Structure formats: structure tokens, C-alpha cells
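Undergrad: My questions will all concern the structure given below.
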Amino acid sequence: MKDNTQKPILVILAAGMASRYGSAKQVESFGPFGEKIIDYSIYDAIRAGFGKVVFVIREEFLDIMRSNVGDKLPDTIEVTYVYQDFDLSKFGVNRIVERQKPWGTGHAVMSAESAVDGPFCVINADDFYGYDAFQKMASFLREQATDQQMALVGFEVGNTLSDFGYVSRGICEVNEDNHLQSVTERTNIYRKDADIVFEQQEIETILPDNTRVSMNFWGFTPRIFEIARALFPTFVEQNHENPKSEFFIPDLPDYMVKQGLANFFVLPTDAKWFGVTYKEDKRQVQQSIEQLISEGHYPQRLWLEKKVVDESIYLDF
């Protein structure tokens, strides 16, 4: 296998339970040959120059993830699996907390620490981001990322909605230098007539269509693990009696920015995100993928045969 230590690492969060969708979205088929959304993300990441994929999963999902995704990937890509579980002692927390779900996306990132030794990107397994996002992030991680300079791909909120219900998004405040100032989680965002609104305490607030939002497409260095380890024990102590509390990724950059520890560049994209928040979204996702294939952005079948072409980019399917 080629040495990929200088290439960015892709960390895929695939341990969450799909409470609104109702099934394991991570291994749901959407492409013409059973491809998952995660397959298209990995395909785009390889083309953009990523060299390693780390899956953050529940241990009981290992065989499913391997057979459905990991074992189909080209041999030029290093693949690692790490587990998000309920053992808090490895994060310096001695308290035992009974929960049905893990502690959220920030906790998931912490679970990947043992497999990450350089600049890395974090994405959700069930979101379709498009090649532009991976290309911009890979370039940033190779050329600009430091412990004081990290990044987020900022999508336009108008390109991230579902036709079938509300969505949650991290609303970004960005300054004139494209530096992130804050991320505020809004949980009830939807289109109402010609406007996009979010609802809080029965009050509707209009959001411009081009408002930048976080879709959990972050670029970090391993410094983020130190920050998470410092904040997580306090979060557990404050929330151990709340079984639905979650330690979110945006809490970490938000803290770092406000404490002057790092700048986060917001890398803009006008790509249309799509995903499956609700069961009804599935057909629209399938149609979107069909259109991208017809336009030549993706082959009909992603992982047909393992053939390495041009700097280990897996192109011939």
C-alpha cells in the first residue's frame, strides 16, 4: 500500500441512530447499484486527495459497515474503524451514566483520536456534500491548516432544506475575512412560502437564503482532541441526569474562537446539499444522484473493479 501519511484524513461519523428517519441511513441504498450516500462522499474524498478513512461506529455495526462499505474501497486507501461507546473513563470521566444513545457528535470525534495523527476532515455518514466541498477542504488541510487555523465548509441554508419537515442547522456568524465568529444551533428551520424561517419559542425569524450554515463538514488538526478532552468532563457533570443531552462538534470551534485559541475559515460553497432527514426524502436523493450521474459527475457504478490510475485516485469503475 502506498504511504498516505501526508494526505488528509477523512473521519466519517456513522454511529448515530436515525430517530426521525427510522432506520440505519448509513447503509441505505441510493445509487443505481446499491451505492450509499457514504460511498459518494468517499469517492469524492479520494478524488480530492484524502488518503485514509476512519469510520466512527458502534461496535455492533462493524460487520455491517465493513460488508456494505469498507471492504469495497480501493486498496490504496487506508481504512480504520473506531468505536463510539458508553465508556467515559477513557476521557477522564469516572461517572457511570445510563443512556440509550452516545453523547453526540463531539463525543464521536473524540472517539477517533487513536486513529488520527494529522490534519483531518469530519463529515456525517448520511449527508451528500458534493465534490466541491471535499476539494476545498483537502486543499485547506494540505496547505493552510495549523493548530491556530482550522476550517468549516459553509453551505447556504437555502441549499440544505427538506421538503418534508423542519431541519436543524448550525447558523454561522462570519466576519469580512471569512472567519467564523460563532455557531448557533437552530432546531426548527423550514421554508415558509418564499422565506426561510427558524422558530424559537413560537417566534418565527427570517433567514436569508445565503446564510452560511454548518453541515458538520469541519477541518481540524489533532489539537481539537485536547480541547474536547478539557470540556467534556464538565459537560458530563452538568448533563448526566439528562439522557438526551449531546456534546456537539460546533461547541468546540465556538469555544476556541471565543477564547482566541484559533481562527476557523469558512470555506464557501454554493453546492446543493441533500440528505435523508425523513423517509420521504429518499426518492429526492435518488433523483438527485441520477441527475448527477447523467451529467457525468459520477460513474453509473462506483466500486466495480479495483484499478489504480494516476496517483492512487480510483477512477476506472
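Let's see how each residue does on (1) in contact (Cβ under 8 Å) with a residue 40 or more places away in the chain; (2) surrounded by 15 or more Cβ atoms within 10 Å (Cβ to Cβ); (3) under 25 Å from Leu252 (Cβ atoms):
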{"position": "Arg58", "(1), (2), (3)": "yes, yes, yes"}
{"position": "Gly70", "(1), (2), (3)": "no, yes, no"}
{"position": "Pro74", "(1), (2), (3)": "yes, yes, no"}
{"position": "Ile77", "(1), (2), (3)": "yes, yes, no"}
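Undergrad: Continuing with this model, one more query. Among the residues of region 227-242, count how many are within 16 Å of Phe91 (Cα to Cα) and loosely packed, with under 13 Cβ neighbours inside 10 Å.
TA: 4
Undergrad: Consider Tyr298 carefully, then state whether it is part of a loop (DSSP other than H, G, I, E, B), farther than 17 Å from Phe155 by Cβ and touching a Leu at 6+ places or on another chain (Cβ under 6 Å).
TA: yes
Undergrad: What's the total number of residues in region 247-270 that are aromatic (Phe, Trp, Tyr) and farther than 18 Å from Gly106 by Cα?
TA: The total comes to 1.
Undergrad: Among the residues of region 194-243, how many are in contact with a strand residue (DSSP E or B) (Cβ under 8 Å, 6 or more places away or on another chain) and hydrophobic (A, V, I, L, M, F, W, C)?
TA: Counting residues in region 194-243 that are in contact with a strand residue (DSSP E or B) (Cβ under 8 Å, 6 or more places away or on another chain) and hydrophobic (A, V, I, L, M, F, W, C) gives 11.
Undergrad: Residue under question is Phe91, and the condition is that it be among the aromatic types (Phe, Trp, Tyr), touching a residue at least 40 places away in the same chain (Cβ under 8 Å) and out of contact with any Leu (no Cβ under 6 Å at 6 or more places or on another chain); does it hold?
TA: For Phe91, the condition - among the aromatic types (Phe, Trp, Tyr), touching a residue at least 40 places away in the same chain (Cβ under 8 Å) and out of contact with any Leu (no Cβ under 6 Å at 6 or more places or on another chain) - is met.
Undergrad: Next up: With respect to Lys90, is the statement that it is closer than 28 Å to Asp281 by Cβ, out of contact with any Phe, Trp or Tyr (no Cβ under 9 Å at 6 or more places or on another chain), among the basic types (Lys, Arg) and modelled with pLDDT under 90 true?
TA: no
Undergrad: What number of residues in region 269-304 are over 28 Å from Ser168 (Cα atoms) and at pLDDT below 90?
TA: So the count comes out to 2.
Undergrad: Please enumerate the residues belonging to region 238-267 that are over 24 Å from Thr187 (Cβ atoms) and not polar (S, T, N, Q).
TA: Gly260, Leu261, Ala262, Phe265, Leu267
Undergrad: Would you point out which residue out of Ile227, Ile249 is within 20 Å of the chain's Cα centre (by Cα), in a loop (DSSP other than H, G, I, E, B) and either under 28 Å from Glu143 (Cα atoms) or among the hydroxyl-bearing types (Ser, Thr, Tyr) (or both)?
TA: Going through Ile227, Ile249 in turn, the sole match is Ile249.
Rundown of residues vs (1) under 25 Å from Gln144 (Cα atoms); (2) under 16 Å from the mean Cα position of the chain (by Cα); (3) without any contact (Cβ under 8 Å) to a residue 12 or more places away in the chain, yes/no style:
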{"site": "Tyr255", "(1), (2), (3)": "yes, no, no"}
{"site": "Val266", "(1), (2), (3)": "yes, yes, no"}
{"site": "Asp270", "(1), (2), (3)": "yes, no, no"}
{"site": "Lys282", "(1), (2), (3)": "no, no, no"}
{"site": "Ser288", "(1), (2), (3)": "no, no, no"}
{"site": "Glu295", "(1), (2), (3)": "no, no, yes"}
{"site": "Pro299", "(1), (2), (3)": "no, no, no"}
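Undergrad: Take the residues in region 190-220 that are β-branched (Val, Ile, Thr) and surrounded by fewer than 15 Cβ atoms within 10 Å (Cβ to Cβ); name whichever of them is nearest to Phe134 (Cα to Cα).
TA: Ile206
The values are calculated or read from the model by the stated rules, or taken from the named source; none is laboratory data. Quick caveat, the model's predicted, so the values are computed rather than measured. Methodologically, a virtual Cβ is constructed for each residue, glycine included, from the backbone with ideal geometry; neighbour enumeration extends over all protein chains shown.
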